[in-house]
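The values are calculated or read from the model by the stated rules, or taken from the named source; none is laboratory data. Because the structure is a prediction, the values reported are computed rather than measured. Using ideal geometry, Cβ is built from the backbone for each residue, glycine included, and neighbour counts are taken over all protein chains shown. Heavy atoms of the whole protein, side chains included, go into the accessibility calculation; ligands, DNA and RNA do not. Shrake-Rupley method; radii C 1.70, N 1.55, O 1.52, S 1.80 Å.
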Amino acid sequence: HILPRVHPKDQTVVVRIAMALSIICIVTGVLNGIFALITFQNKSVRTVGCGQYLLGSSITTLATMILFGLKCWVFLLTHMSAISNRSFLRVGCVSLDFLLRTSLIMDQWLNACVAAERAITAAQKTRFDKKKSKQVAKIAIPVLLLFVMSTSAHDPFHRRLVDEIDDDDMENHKRIWCVVSYSRH
């Protein structure tokens, strides 16, 4: 539905609605990430591991929304034929999806760590060691980040740009797609 070489305000209704919803989601998500970041930067909140995990989660939420916004606008501008630099598109194809996937998965792991620590806190009651909890979190977060990145490291190697010629269009506009292709073997 994205019309090539047509200004965003003159796009089809479906595209304008999708753009509006994307903007609402991005703005709401960025504000949520900023407010969470402000909240969890407070040292009194980070006296236990949960605070560390929640600070990391607020950072990944903010990163996710920024990356989602970039991906949406690069996609839209590419299909409107406003961006056609293949080097730029190739770098975006390889990096944006990898970073977006990494931040989404990392956020889920950090929330799982919060749940696990809360369960441990409830089980240990007064024997819970806040200092040890904070130390474990400071080690667990970078280890998790390395783990998450390593489990998705294969993805950029399988991404490529594909040109699609629109045969229905008299001017034969070319659309450029970022696709992932995994071998069957």
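The table for this structure:
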| item | result |
| --- | --- |
| From 28, 39, residue being within 20 Å of residue 141 (Cβ to Cβ), out of contact with any Lys or Arg (no Cβ under 6 Å at 6 or more places or on another chain), assigned to a helix (DSSP H, G or I) and open to solvent by 40 Å² or more (accessible area, probe 1.4 Å) | 39 |
| Where a residue in region 110-125 is in a helix (DSSP H, G or I) and its partner, wherever it lies, is among the aliphatic types (A, V, I, L, M), with Cβ under 7 Å and at least six apart | 113/140; 114/54 |
| Test for residue 82: is it closer than 30 Å to residue 162 by Cα and outside any helix (DSSP H, G or I) | yes |
| Count - residues of region 129-155 that are at pLDDT below 90 and either under 19 Å from residue 50 (Cβ atoms) or open to solvent by 70 Å² or more (accessible area, probe 1.4 Å) (or both) | 3 |
| Unique residue being at pLDDT below 90 and buried (at least 19 other Cβ atoms within 10 Å of the Cβ) when the list is 60, 64, 78, 102 | 78 |
| Residues that are outside any strand (DSSP E or B) and either modelled with pLDDT of 75 or more or under 17 Å from residue 77 (Cα atoms) (or both), drawn from region 167-185 | 173, 181, 182, 183, 184 |
